[in-house]
Amino acid sequence: MKKLTMRMAGAAAVALMLAGCSGSGSGDAGKGGGGEKAAMTFWGWAPGYADAVNAFNGSHPGTQITYQQVQPGAKGGYQKMLNAVKAGNAPCLAQLGYETLPSFAAQGALQDVAKYANAAKGEFQDAAWKSVTLGDNVFGAPVDTGPMALFYNKKVFDSLGLKPPATWDEYRTAAEKIHASGPHRYITSPYMDYDYSGLAWQAGASWFGVEGDSWKVTLASPANKQIASYWQGLVAKGLVSSAPMYDQAWYTGLGNGDIATVVGAVWQAGVLKDSAKKGSGQWAVAPMPQWTAGAEQVGNAGGSATAVLKGCKTPKAAWEFAHWMSTDRGAYGTLVEKAAVYPAAKALLDLPQLGAADPYFGGQKIFDVFAKAAPKVNPDWRWGPVMTKTAADLDDGLGKAWSGKGTFDEALQSAQDKTIAEMKNQHLSVSQ
């Protein structure tokens, strides 16, 4: 799969490399791998991770992992990790989205485990492997990829005589009919940071590029403004719920039919099953709506690694756990069942769980949709070097836009301006 490649280039890559991505510190204590005992902490948030840790601990008495759940990355988890690295008390292991890895690398928050990891390169999809590497450094093990699709409440759609929309024009029409059927009913809810990025990704509306030896920031490009205009129109007509994603009000709306779709990555299936249990049997999955009828463009949202943070005193044992969690068939099968992740490891693409009928989705084999979507993800996407800052600034503007207190164009322009300022502050070359 092509979609997850970071593809750093020129001086931009050199700048990240010079930021320093390894070193010593006061991370988790213990002796290294190779049969010696090690005790480490792992911070993450995905459903099923705790089960994987328990399974590992049961089969690896010499290495014990303590799993601690933190807020999803952009919701506070990443800042907590960075703060811990700066304080010298970070865990050895952390769930880290591919989109954020360049930012962590630029801040020297990651530890190179290449000498332990390189032998496993061929076990992973090429693009996923590139997503955890920078130059000769390897910062962890790829876990999953995030091809997108349309999750829709089939019960609601059927009751209104609606079919899953094949185009974004049809999606708008469905939004109008759903809201007309009840003032409390909406087609969807606000998309923020990396969930919103998947919508831009599908359309080829890039956020970053490299021009010669400099970064180019394009969040406010004409292509991005076209996406913004579409969602601005839905907000203006009152067709989007005010319930924030991952808020209890959102889960309630998904469960009772008041929020009828989620345009999201494969792992959203796990979110639905875990947090909107009342919707069981009502939901289904269809391909993403297209901007042009007959097109087959797909966005990507998420996908993550088990990264080794700077200061880890047992990097070999940390890599061994990270690799195990990404490749063990039993553990990963549980992740598929609980978190609906799609494997980065080649040998896991035939897991029986990926071909199973899912009762939550009315018996549909939902991974068939994602298996077809994954190769169609738009490959022309690049993440920037200050994504933690970019995402925070974008969310500030998007929050105002979704609530009608600002516009999407303003959100994109502000995020672009602040991103450029931050990159210059970090002495990164930016062309304008």
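Which residues, counting only those in segment 398-428, are of a type in the set (Lys, Arg) and either touching a Lys or Arg at 6+ places or on another chain (Cβ under 8 Å) or within 15 Å of TYR196 (Cα to Cα) (or both)?
Passing the criteria: LYS400, LYS418.
Check off (1) crowded, with 23+ Cβ neighbours inside 10 Å; (2) part of a helix (DSSP H, G or I); (3) within 17 Å of the chain's Cα centre (by Cα) for GLY264 and give me the number that stays unchecked.
(2)
In this structure, does GLY204 turn out to be in contact (Cβ under 8 Å) with a residue 60 or more places away in the chain, under 27 Å from ASP396 (Cα atoms), of a type outside the set (Ser, Thr, Tyr) and surrounded by fewer than 17 Cβ atoms within 10 Å (Cβ to Cβ)?
Working: in contact (Cβ under 8 Å) with a residue 60 or more places away in the chain: yes; under 27 Å from ASP396 (Cα atoms): yes; of a type outside the set (Ser, Thr, Tyr): yes; surrounded by fewer than 17 Cβ atoms within 10 Å (Cβ to Cβ): yes.
Answer is yes for this residue.
Only one of ALA317, ALA269, ALA284, ALA305 is surrounded by fewer than 24 Cβ atoms within 10 Å (Cβ to Cβ) and aliphatic (A, V, I, L, M); which?
After ruling out the rest, the residue left standing is ALA284.
Does LEU394 meet the test of being assigned by TED's automatic domain parsing to the domain that holds ALA228 and in contact with a Leu (Cβ under 7 Å, 6 or more places away or on another chain)?
No: the conditions fail for LEU394.
Collect the residues in segment 121-157 that are among the aromatic types (Phe, Trp, Tyr) and at pLDDT 95 or above, keeping them in residue-number order.
PHE139, PHE151, TYR152, PHE157
Of everything in segment 93-116 that's surrounded by 24 or more Cβ atoms within 10 Å (Cβ to Cβ) and over 18 Å from the mean Cα position of the chain (by Cα), which residue is nearest to HIS323 (Cα to Cα)?
By that ranking, first place goes to VAL113.
I need the strands (runs of 3 or more DSSP E) fully contained in segment 38-100, keeping only those with at least 1 residues that are closer than 14 Å to THR306 by Cβ and among the small types (Gly, Ala, Ser).
Strands (runs of 3 or more DSSP E) meeting the threshold: 38-44, 93-97.
Answer with yes or no whether PHE157 is touching a strand residue (DSSP E or B) at 6+ places or on another chain (Cβ under 9 Å), within 19 Å of LEU412 (Cβ to Cβ) and not small (Gly, Ala, Ser).
It is false that PHE157 is touching a strand residue (DSSP E or B) at 6+ places or on another chain (Cβ under 9 Å), within 19 Å of LEU412 (Cβ to Cβ) and not small (Gly, Ala, Ser).
Does GLY253 meet the test of being over 25 Å from VAL53 (Cβ atoms), assigned by TED's automatic domain parsing to the domain that holds ARG172, of a type outside the set (Val, Ile, Thr) and not in a loop (DSSP other than H, G, I, E, B)?
Here the answer is yes, as GLY253 does meet what is asked.
Please report, ordered by residue number, the helices (runs of 4 or more DSSP H) entirely within segment 335-432 with at least 2 residues that are surrounded by 15 or more Cβ atoms within 10 Å (Cβ to Cβ) and free of Cβ contacts under 8 Å to residues at least 40 places away in the same chain.
So the answer is 387-402, 408-425.
Mind telling me which of the residues LYS163, LYS154 ends up being surrounded by fewer than 23 Cβ atoms within 10 Å (Cβ to Cβ), farther than 22 Å from THR390 by Cβ, basic (Lys, Arg) and free of Cβ contacts under 8 Å to residues at least 12 places away in the same chain?
From the options LYS163, LYS154, the qualifying one is LYS163.
Basic (Lys, Arg) and more than 25 Å from ALA141 (Cα to Cα) - does that describe any residue in segment 374-391?
Within segment 374-391, not a single residue is basic (Lys, Arg) and more than 25 Å from ALA141 (Cα to Cα).
Is segment 220-233 home to any residue that is among the β-branched types (Val, Ile, Thr), within 20 Å of GLU410 (Cβ to Cβ), modelled with pLDDT of 95 or more and crowded, with 17+ Cβ neighbours inside 10 Å?
Within segment 220-233 (the criterion being among the β-branched types (Val, Ile, Thr), within 20 Å of GLU410 (Cβ to Cβ), modelled with pLDDT of 95 or more and crowded, with 17+ Cβ neighbours inside 10 Å), the answer is yes, since at least one residue qualifies.
The values are calculated or read from the model by the stated rules, or taken from the named source; none is laboratory data. As the structure is a prediction and not an experimental result, all values here were calculated from the model. In this analysis, Cβ positions are derived from the backbone assuming ideal geometry, glycine residues included, and neighbour counts consider all displayed protein chains.
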